[in-house]
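*Asks:* Here's a structure for you.
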Amino acid sequence: MSSILEGTYFIQLCICIVVCLYLSFHFHGALQNIDQVESKSHPHLPPLYQNQDSLDGFSFSSTKQHINIIRGDSVPVQTTKARTGNTDGLSACLLVNDENPRLPEWLAYHYQMLPLRSLIVAVDPASRSSPSEILSRWKDMGMMEVDVWEDDDYFTEEQGSGLCDATNPKVDCVKHHFNRQRYFVMKCMADFKQRNKTWVLLVDVDEYVTFNQIRDDDPIAPLDEAPDGIPTLSDWKLHTNSFGGVVVDGLVNGAPSELKNGMKDGNQNQVVVNNVITKANDVEYGNVIEDASGNKFYLRDDIASRDATAMPNAPKGVPTLKDVMIIGTRLFARIFNDAYDGNKNGEYIEIKMGWENGDTAMRKFHGGHLIHDAKQKKYYVEREQASWPPHVSPKAARNARARLPSVGDGNTIYDILNNELNEYPCVTMPRLLYGSYEEDDEKPRWNADPIGYEDKDFVTLRYKWHAIKGVFDVNKYPKTIIDVSRVPMSAFDGKAFEIHRPLVKFCRKDPPRYSLSLLRVNHYADSFEAFSYRHDSRSFRKSRQYYDEMVSKTTAAKDEDVFQWLQVFVESVGEDEAQFLLSDAGRFASLE
């Protein structure tokens, strides 16, 4: 009998232990859930790093300390490794027009590298093909949130929705296209903000974001101030003269009493630099340039210089001007606290400036400063740039670039945004143009059997030669990625200021130099077949002459910075899934 009781007690004891363990486990889980709820509600914690232990699709590696490039303090570095599964990753706004041949690669690359998890696609009415089947692969597999918009979702008839009538001489279809872009990105960012998303990428299908690692062919870093004995050129501008030469003109300050060509200190002068495009990348703020006579000049960063002395608010009794627009020599703005003429707050008026040269006046125009009209009445221009990210010193930028990972080692673009660039909502990224030049003896990155991928189907594997870094005339305007969670909803009203700088109050007018940027955008011209494939209103997309001239400037150097992404992507999602998601990549079906 005693043995039976002992056995009963033993069984009861085991049951109690199991119950206690069960309750302890779930109580601990409940505490974790409470912590997670509190984490979700924290306004300064980026969503990708909320619920770190419970994120499906990411594993977290070791943490180390380093210096944040903006703050300059020591912070822990978290890295993420993308796998499969839908997570709160980054978002993107994409406007497409016959992009199906390159869309599979763009989606897979940014899924792996951002990691891209939410996407809004607007289809241009001129497009002869639909991206729906390609996008549905990602959506149906639960790997990405995808919404496809038509014109009516973001564009009204008054704003110019619908197919542009190219046969109507009164209609500017290029302007129509730019309007579509500007309205779309604003409505798209607003939508992501409403969904509590954070970083939103604004690029095109021929553009790929990557780490801007230090390379031997990088342009020189800017100087913070003029070297001893070198005069400063302020209010300067780069343009071409009537002979096609590259010219810089500006105001010479701190020059010797006599220069070789007779220029005086404080005079407005033209400095002939060089008409060779390979020298034009020297004409950037922070550089020292040399004219044809051997005179050297330091190019001041005029915008940063004026911003350093900007006033946060208007002096007492001085009206404030907001949303300023300058057309030629005329200035328009919304006025507030008008002590001169009694205009209502917010009324849009013209200020008579009496300018003879609007271009010269624009160089000196900057928010946070006073301007005087033709009657010498003072106005304060709103300091719109209050939320601009600061310029980073060359030393800090180089140290940060030296910390950058390589493509394929498990780090993502979000890691850089979170660890290095998380202090301000707008990150501007320089573009680097890749051409169509291929060496005859180049070996393919992928063996067609058994994996089934060919370099020719992927721009990121096929094209390695690029233009000179930092040359605006070739690489053109930078692109942006914006944390919409830190931008007020009112900022997304109307249309973007311009597609490359959509939010003037948050994105710098003088973006970081190439040598100071941690991220860049690889822009692939691709083959002429691909370049001219779109049903595009811009005539240059069909011009062989334009294309040939463009790609002729893209053989300055080559790199293989991004090709590893494909191998990592295949390993990440699985061979069968990768084959399915990348099917028909690089296949240009006839659309005639």
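*Asks:* Would you call Phe580 modelled with pLDDT of 95 or more and either open to solvent by 10 Å² or more (accessible area, probe 1.4 Å) or under 26 Å from the mean Cα position of the chain (by Cα) (or both)? Step through it out loud before you land on a result.
*Replies:* Numbers: modelled with pLDDT of 95 or more: yes; either open to solvent by 10 Å² or more (accessible area, probe 1.4 Å) or under 26 Å from the mean Cα position of the chain (by Cα) (or both): yes.
In short, yes.
*Asks:* Check Asp204 against each of (1) under 25 Å from Asn522 (Cβ atoms); (2) touching a strand residue (DSSP E or B) at 6+ places or on another chain (Cβ under 7 Å) and name the one condition it does not meet.
*Replies:* (2)
*Asks:* Would you check if there is a residue in region 170-187 being β-branched (Val, Ile, Thr), in contact with an Asp or Glu (Cβ under 8 Å, 6 or more places away or on another chain), assigned to a loop (DSSP other than H, G, I, E, B) and at pLDDT below 85?
*Replies:* To start, the set of residues in region 170-187 that are β-branched (Val, Ile, Thr) comprises 171, 174, 185.
Add one more test, that the residue is in contact with an Asp or Glu (Cβ under 8 Å, 6 or more places away or on another chain), and what stays is 171.
Still in the running and assigned to a loop (DSSP other than H, G, I, E, B): 171.
From the residues that got through so far, the ones that are at pLDDT below 85 too are 171.
Looking through region 170-187, at least one residue is β-branched (Val, Ile, Thr), in contact with an Asp or Glu (Cβ under 8 Å, 6 or more places away or on another chain), assigned to a loop (DSSP other than H, G, I, E, B) and at pLDDT below 85.
*Asks:* If you don't mind, another one. Which of (1) of a type in the set (A, V, I, L, M, F, W, C); (2) over 14 Å from Asn97 (Cα atoms); (3) touching a residue at least 60 places away in the same chain (Cβ under 8 Å); (4) outside any loop (DSSP other than H, G, I, E, B) does Ala166 not meet, given it meets every other one?
*Replies:* (4)
*Asks:* Could you pull out the residue among Tyr424, Tyr477 that is hydroxyl-bearing (Ser, Thr, Tyr), surrounded by fewer than 16 Cβ atoms within 10 Å (Cβ to Cβ), at pLDDT below 95 and under 20 Å from the mean Cα position of the chain (by Cα)? Steps first, answer last, please.
*Replies:* Numbers: Tyr424 fails: surrounded by fewer than 16 Cβ atoms within 10 Å (Cβ to Cβ).
Exactly one residue qualifies, and that residue is Tyr477.
*Asks:* Going residue by residue through region 145-155, is there one that turns out to be in a helix (DSSP H, G or I) and open to solvent by less than 20 Å² (accessible area, probe 1.4 Å)? So that I can check it myself, show each step before the final result.
*Replies:* Taking region 145-155 and keeping what is in a helix (DSSP H, G or I), we get 151-153.
Remaining after also requiring open to solvent by less than 20 Å² (accessible area, probe 1.4 Å): 151.
For region 145-155, residues in a helix (DSSP H, G or I) and open to solvent by less than 20 Å² (accessible area, probe 1.4 Å): present.
*Asks:* Here's something else I'd like to know. Pairs only if they're at least six apart or on different chains, beta carbon under 9 angstrom, first in region 212-240 and at positive phi, second crowded, with 16+ Cβ neighbours inside 10 Å and assigned to a loop (DSSP other than H, G, I, E, B); list them, first residue then second.
*Replies:* From region 212-240, the pairs are Asp235/Arg300.
*Asks:* Out of the residues in region 280-303 meeting the condition of being open to solvent by 50 Å² or more (accessible area, probe 1.4 Å) and under 26 Å from the mean Cα position of the chain (by Cα), tell me which one is modelled with the lowest pLDDT.
*Replies:* Asp282
*Asks:* Next up: Pick out the one residue from Val381, Val407, Val392 that is over 19 Å from the mean Cα position of the chain (by Cα) and among the β-branched types (Val, Ile, Thr). Even if it seems obvious, please write down each step before you answer.
*Replies:* Values: Val407 fails: over 19 Å from the mean Cα position of the chain (by Cα); Val392 fails: over 19 Å from the mean Cα position of the chain (by Cα).
Step by step, each of Val381, Val407, Val392 is checked, and only Val381 is over 19 Å from the mean Cα position of the chain (by Cα) and among the β-branched types (Val, Ile, Thr).
*Asks:* Let me ask something else about it. If the Cβ limit is 7 Å and pairs must be 6+ apart or interchain, which residue in region 119-135 that is under 22 Å from Gly89 (Cα atoms) pairs with which residue that is open to solvent by 20 Å² or more (accessible area, probe 1.4 Å) and assigned to a helix (DSSP H, G or I)?
*Replies:* Taking only residues 6 or more apart or on different chains, the pairs are Ile120/Asp191.
*Asks:* Among residues belonging to region 312-369 that are open to solvent by 80 Å² or more (accessible area, probe 1.4 Å), of a type in the set (Lys, Arg) and in contact (Cβ under 8 Å) with a residue 24 or more places away in the chain, point out the one that is nearest to Val504 (Cα to Cα).
*Replies:* Of everything passing the filter in region 312-369, Lys364 is nearest to Val504 (Cα to Cα).
*Asks:* For region 525-534, check the following and say yes or no: at least one residue is surrounded by 14 or more Cβ atoms within 10 Å (Cβ to Cβ), among the basic types (Lys, Arg) and assigned to a loop (DSSP other than H, G, I, E, B). First the steps, then the outcome.
*Replies:* Narrowing region 525-534 to residues surrounded by 14 or more Cβ atoms within 10 Å (Cβ to Cβ): 525-528, 530-534.
Checking the rest, the ones that are also among the basic types (Lys, Arg) come to 534.
Filter again for assigned to a loop (DSSP other than H, G, I, E, B), leaving 534.
Within region 525-534 (the criterion being surrounded by 14 or more Cβ atoms within 10 Å (Cβ to Cβ), among the basic types (Lys, Arg) and assigned to a loop (DSSP other than H, G, I, E, B)), the answer is yes, since at least one residue qualifies.
*Asks:* For Arg520, work out the one condition from (1) open to solvent by less than 10 Å² (accessible area, probe 1.4 Å); (2) closer than 23 Å to Asn100 by Cα it doesn't fulfil.
*Replies:* Looking at each condition in turn, Arg520 falls short on (2).
*Asks:* Please go through region 375-403 and give me each residue that is open to solvent by less than 60 Å² (accessible area, probe 1.4 Å) and small (Gly, Ala, Ser), ordered by number.
*Replies:* Ser387, Ser393, Ala396, Ala397, Ala400
*Asks:* Against the definition (open to solvent by 50 Å² or more (accessible area, probe 1.4 Å) and more than 29 Å from the chain's Cα centre (by Cα)), how does Ala308 come out, yes or no?
*Replies:* Working: open to solvent by 50 Å² or more (accessible area, probe 1.4 Å): yes; more than 29 Å from the chain's Cα centre (by Cα): no.
So Ala308 fails the test.
*Asks:* Same structure, new question: Anything in region 180-210 that is farther than 22 Å from Tyr477 by Cβ and open to solvent by 10 Å² or more (accessible area, probe 1.4 Å)? List them, or say none. Before you say what the answer is, go through the steps one by one.
*Replies:* Taking region 180-210 first, the residues farther than 22 Å from Tyr477 by Cβ are 190-198.
Residues satisfying the conditions are Ala190, Asp191, Lys193, Gln194, Arg195, Asn196, Lys197, Thr198.
*Asks:* Output the residues belonging to region 299-352 that are under 29 Å from Val392 (Cβ atoms), of a type in the set (A, V, I, L, M) and assigned to a loop (DSSP other than H, G, I, E, B).
*Replies:* Once the filter is applied, which keeps residues that are under 29 Å from Val392 (Cβ atoms), of a type in the set (A, V, I, L, M) and assigned to a loop (DSSP other than H, G, I, E, B), region 299-352 yields Ala308, Ala310, Met311.
*Asks:* Of everything in region 400-424, what is of a type outside the set (A, V, I, L, M, F, W, C) and within 21 Å of Asp559 (Cα to Cα)? Give them in sequence order.
*Replies:* Arg401, Arg403, Pro405, Ser406, Gly408, Asp409, Gly410, Asn411, Thr412
*Asks:* Going by the conditions given, is Tyr453 assigned to a loop (DSSP other than H, G, I, E, B) and either closer than 30 Å to Ala386 by Cα or among the hydroxyl-bearing types (Ser, Thr, Tyr) (or both)?
*Replies:* On the way: assigned to a loop (DSSP other than H, G, I, E, B): yes; either closer than 30 Å to Ala386 by Cα or among the hydroxyl-bearing types (Ser, Thr, Tyr) (or both): yes.
Yes.
Here is a yes/no grid of residues against (1) open to solvent by less than 10 Å² (accessible area, probe 1.4 Å); (2) modelled with pLDDT of 95 or more; (3) within 19 Å of Val200 (Cα to Cα):
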{"residue": "Gln78", "(1), (2), (3)": "no, no, no"}
{"residue": "Leu95", "(1), (2), (3)": "no, yes, yes"}
{"residue": "Tyr111", "(1), (2), (3)": "yes, yes, yes"}
{"residue": "Leu114", "(1), (2), (3)": "yes, yes, yes"}
{"residue": "Leu119", "(1), (2), (3)": "yes, yes, yes"}
{"residue": "Asp124", "(1), (2), (3)": "no, no, no"}
{"residue": "Pro131", "(1), (2), (3)": "yes, yes, no"}
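The values are calculated or read from the model by the stated rules, or taken from the named source; none is laboratory data. Predicted, not measured: the structure shown is a model, and the values here were computed from it. With ideal geometry, Cβ positions are generated from the backbone for all residues, glycine too; neighbour counts draw on all protein chains shown. The area values use the complete protein model at the heavy-atom level, side chains included, leaving out ligands, DNA and RNA. Shrake-Rupley method; radii C 1.70, N 1.55, O 1.52, S 1.80 Å.
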